[in-house]
Amino acid sequence: ITIAAPREPAPETRVALVPETASALTRAGHRVLIENGAGLAAGHTDADYEKAGADVVAGIDLAAIDVLAHITPLPPEAIARLRRGAVTIGLMAPFTDERLAALTEAGVTALAFEKVPRTSRAQAMDVLSSQALAAGYRCVLEAAIRLPRFFPLAMTAAGTVPPAKVVVLGIGVAGLQAIATAKRLGANVAANDIRPSSAEEARSVGATFIDVGLDTAEGTGTGGYARALGQDSAARQQAALAPHIADADVLITTAGVPGKTAPRLATAEMIAAMRPGSVVIDMLAASGGNVEGSVAGEDVKVPSARGDGEITIVGLTVPAADLPADASRLYAKNVQNIINLLVTDDGFTVDFADDILDGAAITHDGVNRLAAPETGPS
Ligand code: NAD
């Protein structure tokens, strides 16, 4: 089959196929088309793709390909040029009516990575996980570089430097990676989440779990995801977290509920109670923000109530895109693994007996398969 990857529109730095995956796909007998310059921001030249067996083209003839692998959700103009029966693989949220209508009308099978089930077998195609891994790691680096202190304990002839105290809220894939990275840098880490299994997961990577005394069933949604807390519980959680945040040098928030705006975990007052020089990283700044006052793409300085000096609130946008080489490598491998589900001994088919394809396909053969648009897995 013919598989293509476009040059992503700015500011996206990642690319959906890297030379390594292009090579694997061409060796499996497929034709791979790459739009020129597509890999540059991720460190791959057109020549690298050619060496891997791909054809580098000035523009992809969308009517002549079987699979389009992308990162940025496709605009309706591009969707309309795809041939009926073609498959698109990429990120698709938000699932706007306009995009769903365009995909349905074009008669394409749109596989949305956001809808891949969170099962063991699907891990190899789980873009949310692979990109959250990069994001969680990046959150810690963003904090470390801004903090006027060390992360690790240093015992030297010139005296002892205590380790930094880091609080991580949201212990999903990104949060776990943030904990592990902060631990590797030598910080003391405490963490909180509302899913019952999160305490054990946090401890397994070296964090202390902050128990806020909630009924864990309340925070448990379906498919391994969290559910939005009611107002009373959210207020109790904030009250219990407040002293931990006030005592932290670094606060990193990664808490999400699929299809919902990010839960507000720290108020402006809770942040102002931190020491001058403290750093807050809000990974969800672009989706409503876990932290009051965060702005996506900006460093916001707020005065500390504890004396002269400020706290820096960093609003991240797409932290994985700041690590384009490895984030693309993982993304491309996820794409390759899902293509392997489409090409079987029976040829090129979308078999809905496969729960991964059944979950991921938001449109197929002129049908909008999303019963409730605008929601993620709940
Ligand atoms: P996510 O990005 O949806 O959310 C991040 C974390 O925020 C989650 O752990 C969630 O519980 C937490 N959260 C939500 N509201 C909160 C609140 N009010 N306070 C504190 N924390 C809050 O999560 P994710 O990283 O996509 O992971 C979701 C789940 O899926 C996890 O249980 C994870 O282990 C599981 N998972 C399974 C697989 C697999 O088996 N294939 C792969 C990836 C993730």
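Read the figures in this text as sums done on the coordinates, not as results from a lab. Because the structure is predicted, anything quoted here is derived from the model rather than measured. All Cβ positions, glycine included, derive from the backbone under ideal geometry; neighbour counts span all protein chains shown.
Numbers for the structure displayed
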item: Filtered residues of region 321-353 (kept if more than 13 Å from Gly90 (Cα to Cα), out of contact with any Ser or Thr (no Cβ under 8 Å at 6 or more places or on another chain) and not in a loop (DSSP other than H, G, I, E, B)); result: Ala325, Asp326, Arg329, Asn340, Leu341, Val343, Thr344, Gly347, Phe348
item: Asn188 vs. criteria polar (S, T, N, Q), within 14 Å of Ile252 (Cβ to Cβ) and within 9 Å of the ligand (Cβ to nearest atom); result: no
item: First in region 160-175 and more than 16 Å from the ligand (Cβ to nearest atom), second anywhere and of a type in the set (Lys, Arg), Cβ under 9 Å, 6 or more apart; result: Val161/Arg149; Pro162/Arg149; Ala164/Arg149
item: Matching residues in region 272-284 - criterion: being within 16 Å of Pro303 (Cβ to Cβ) and within 16 Å of the ligand (Cβ to nearest atom); result: Val280
item: Positions within region 1-58 being among the aliphatic types (A, V, I, L, M) and part of a strand (DSSP E or B), in sequence order; result: Ile3, Ala4, Ala5, Val32, Leu33, Ile34, Val56, Val57
item: Some residue of region 265-272 being of a type in the set (D, E, K, R) and part of a loop (DSSP other than H, G, I, E, B); result: no
item: Extreme residue, surrounded by the fewest Cβ atoms within 10 Å (Cβ to Cβ), among residues of region 157-179 that are hydrophobic (A, V, I, L, M, F, W, C) and over 12 Å from Ile252 (Cβ atoms); result: Ala157
item: Counted residues, region 176-200 - those being in contact (Cβ under 8 Å) with a residue 40 or more places away in the chain and touching a Pro at 6+ places or on another chain (Cβ under 9 Å); result: 3
item: Enumeration of residues in region 130-152 that are free of Cβ contacts under 8 Å to residues at least 40 places away in the same chain and touching a strand residue (DSSP E or B) at 6+ places or on another chain (Cβ under 7 Å); result: Phe150
item: Those residues of region 214-253 which are more than 9 Å from the ligand (Cβ to nearest atom), in a helix (DSSP H, G or I) and not aliphatic (A, V, I, L, M), in sequence order; result: Thr216, Glu218, Gln231, Asp232, Arg236, Gln238, Pro243, His244
